[in-house]
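The values are calculated or read from the model by the stated rules, or taken from the named source; none is laboratory data. This is a predicted model, so every value here is computed, not measured. Counting neighbours? That spans all protein chains shown, and the Cβs are built from the backbone with ideal geometry, glycine included. Ligands, DNA and RNA are stripped out before the accessible areas are found, and what is left, the full protein with its side chains, is counted by its heavy atoms. Shrake-Rupley method; radii C 1.70, N 1.55, O 1.52, S 1.80 Å.
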Amino acid sequence: MSDISYQQRRGEIEHYFDRTAVDAWKKLTSDAPVGRIRATVRAGRDEMRHTLLNWLPTDLTGARILDAGCGTGAFAVEAAQRGARVVAVDLSPTLVDLARERAPKQFSNPHGAIDFRAGDMLDPSLGKFNYVVGMDSLIHYDTNDVVRVLEGIAARTTHRVLFTYAPSNPFLQVMISVGRLLPRKDRAPWISPITTKRLHHLIARSDGLGGWQSGRTVRISRGFYTSQALELVRNP
């Protein structure tokens, strides 16, 4: 992974979600009315979150989970309701503060807890985990950087890594082209489309992921939302 490319992209993402997109993200992840386009994004994100949750055990009591790119905290809350001890980290301090405000004071499973932090998902001080979930937190990085991030995360994970990426398709390419016509101040960080075949190839060849294998995968497409989930499972 190029430190320059990763750090540069990370800085762009942090700036966008911590300043430019805070109000829009706050509304999108609430029950507030939104327009037709954002409604499809909301529906797609909800379906993806439920998919990833269904890939985890129903009872997560005692499990330690990293919610990598927690946003406003919806996934972290549902995992904690199952008894997980969740470290929910995001680059945007503003979104982390909002997630902390939205989280319930108590969970249905008394063992559940959330430790909200602003920072980098690759920070080794976050510790080790049984499961790591990165929902739409890697979509702005190219394929090589995604694999390097997975290597760093997998080194601190004992069971499974669940993540999503933006699968390359003509519709997404058109949306990216249209986005480049917007004024710079209104632009989101570029989504980096990934070819599934190349991603699986790089994962299989990665020394850092030598003890892991690909598991379940599913694509969620709802209007303007398209994302592919992939499960990495540590070999017995």
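For the stretch 44-97, the share of accessible area belonging to carbon and sulfur comes to 46 percent (1.4 Å probe, ligands and nucleic acids excluded). A Förster radius of 30 Å combined with the Cβ-Cβ distance from residue 201 to residue 128 puts the calculated FRET efficiency at roughly 0.60.
Our estimate of slack between residue 39 and residue 221, defined as 0.36 nm per intervening residue step minus the Cα-Cα distance, is 64.3 nm. Under the criterion of Cα pairs below 8 Å and six or more residues apart, the relative contact order for the chain equals 21 percent. Lysine pairs in the chain whose alpha-carbon atoms fall under 25 angstrom of each other, counting only those eight or more residues apart or on distinct chains, come to 5.
Rounded, prolate or oblate: which fits the stretch 60-115, taking a ≥ b ≥ c as square roots of the Cα gyration tensor eigenvalues, rounded meaning a/c under 1.5, else prolate when a/b beats b/c? Don't jump to the answer; show the numbers that get you there.
Numbers: a/c = 2.69, a/b = 1.58, b/c = 1.71.
Oblate shape, in that a/c is at least 1.5 and b/c is the bigger or equal ratio.
When the Cα centres of the stretch 112-173 and the stretch 2-72 are compared, how far apart do they sit, in Å? Measuring centre to centre over Cα atoms gives 12 Å.
Report, in debye and to the nearest 20, how large the dipole of the chain comes out about its Cα centre when Lys and Arg carry +1 and Asp and Glu carry -1 on their Cβ. It would help to have the intermediate numbers written out before the result.
Details: 32 positive and 24 negative charges, 91 e Å.
I would put it at about 440 debye.
Take the chain with all the other protein chains still there, run a 1.4 Å probe, and you get 49 Å² of accessible area per residue. If R0 is taken as 45 Å, the Cβ-Cβ distance between residue 8 and residue 111 corresponds to a FRET efficiency of 0.70.
For the pair residue 234/residue 23, report the inter-label distance in nm, with labels modelled 7 Å from Cα in the Cβ direction. Using points 7 Å along Cα→Cβ, the separation is 4.5 nm.
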